[in-house]
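Just below is one structure, and these are the notes that go with it.
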Amino acid sequence: MTPRTITAAASGTWRLGDLTINRIGFGAMRLPQTGEALVPGARPRDREQAVAVLRRALDLGVDHIDTAAFYFSPLRSANELINRALAPYPDHLVITTKVGPGRDPSGHWTPHATPDRLRGQVEENLRQLGRDHLDVVNLRVLGTDSVAERFGVLAELREAGLVRHLGLSNVTPAQLAEARAIAPVVCVQNRYGIGVRPQDDGFVRLCGEQGIAFVPFYAIAGTAGQAGAVDAEADAVRAVARAHGASTAQIRLAWTLHRGPHVLAIPGTGDLDHLAANVAAGAIRLSDTDLAALDDLHHGGGGRAL
């Protein structure tokens, strides 16, 4: 008997404004290159492999892709790959992109965009993706300064019809409140995971109370960040993984989804097997005992043995 294929529908759904999506999505950051992401000189990933992963993601029910114009390697752009693999885009597909950071052609980071450059970044994403509007645009923020002027520019582009919905990335509760006073915010994309920023637990809950999706990045990699998952893993995570016949990466994804019905996941990969495993994590239901052990680890404990 062929095993049942688990699709992204198993993760449940959430609404980004008027757009309903499955809670397990796909992050395109790692798609253009292999090894550590977003570093100059990264080795380009095979184009056909990347295209195959994107098409398989949709076959598995993924209907939310997170990308950015600054996701590229010397020969590959995430947006270009998405365009090649998926255009003409199905009506149910939601593509979220980010503006704010920039990289020069060699891949080195440039200063974050000033308000007058944000429109150009939005237009660049439109051009690369081959679209006449963007479903969701996140303003990626560096630091704790006011976001009012920059978010105001995006609000104007939303009013002009170039952007459907707005979100924020790498922000504080104060910056979220500032942005919401200007225009609706449908999502917050911040770094978060087991043992990563436990002080932000309240912020995660706040987003849920306000009907805003919370979208953790580096949820699998944890403290390793853009370097990706590491071999060393906490005993508590390994124990829960054994109990469920799952990988530790799947357990980390499942834990984030258990933080609330508004919490989404956007794991990225260039590997078809890893893609299927990531999507299948949406079907894992952790017990109270599992959650107690993982929450203990999250808050700095050793993770109680199961």
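Structure notes:
Residue by residue, here is whether (1) of a type in the set (Lys, Arg); (2) in contact with a Lys or Arg (Cβ under 9 Å, 6 or more places away or on another chain); (3) surrounded by fewer than 17 Cβ atoms within 10 Å (Cβ to Cβ) holds:
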site	(1), (2), (3)
ARG150	yes, no, no
VAL153	no, yes, no
ALA160	no, no, yes
VAL163	no, no, no
CYS187	no, no, no
ARG191	yes, yes, no
PHE203	no, yes, no
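- Residue list for the range 239-258, restricted to those being surrounded by fewer than 20 Cβ atoms within 10 Å (Cβ to Cβ) and either within 13 Å of the chain's Cα centre (by Cα) or touching a residue at least 40 places away in the same chain (Cβ under 8 Å) (or both): ALA239, ALA243, HIS244
- Criterion applied to GLY211, GLY303 was being at pLDDT 95 or above, at positive phi and more than 15 Å from the chain's Cα centre (by Cα), and the one residue passing it is GLY211.
- Candidates are the residues of the range 105-145 that are assigned to a loop (DSSP other than H, G, I, E, B) and in contact (Cβ under 8 Å) with a residue 40 or more places away in the chain; the one that is surrounded by the most Cβ atoms within 10 Å (Cβ to Cβ) is VAL141.
- The single residue among ALA85, ALA68 that is closer than 13 Å to ALA28 by Cβ and in a loop (DSSP other than H, G, I, E, B) turns out to be ALA68.
- Test for ARG30: is it of a type in the set (Lys, Arg), under 20 Å from LEU129 (Cβ atoms) and outside any helix (DSSP H, G or I): yes
- Counted residues, the range 89-111 - those being of a type outside the set (Ser, Thr, Tyr) and under 17 Å from PHE72 (Cβ atoms): 12
- Test: GLY41 is within 13 Å of ASP271 (Cα to Cα), of a type in the set (Gly, Ala, Ser) and either without any contact (Cβ under 8 Å) to a residue 60 or more places away in the chain or touching a Pro at 6+ places or on another chain (Cβ under 8 Å) (or both): no
- Those residues of the range 186-214 which are part of a loop (DSSP other than H, G, I, E, B), aliphatic (A, V, I, L, M) and closer than 18 Å to THR13 by Cα, in sequence order: VAL186, ILE212
- When residues of the range 1-17 are limited to those that are without any contact (Cβ under 8 Å) to a residue 12 or more places away in the chain and outside any strand (DSSP E or B), the one farthest from ILE284 (Cα to Cα): MET1
- Tally, over the range 259-294, of residues that are surrounded by fewer than 18 Cβ atoms within 10 Å (Cβ to Cβ), outside any helix (DSSP H, G or I) and either at positive phi or of a type in the set (D, E, K, R) (or both): 3
- Among (1) in a helix (DSSP H, G or I); (2) within 25 Å of LEU19 (Cβ to Cβ); (3) at pLDDT below 95, the one test that GLN226 misses: (2)
- Output for the range 12-42, where each listed residue is under 15 Å from LEU81 (Cβ atoms) and of a type in the set (Lys, Arg): ARG30
The values are calculated or read from the model by the stated rules, or taken from the named source; none is laboratory data. Only a predicted model underlies this, so the values are computations on that prediction, with no experimental measurement involved. All Cβ positions, even for glycine, are placed from backbone atoms using ideal geometry, and neighbour counts span all protein chains on display.
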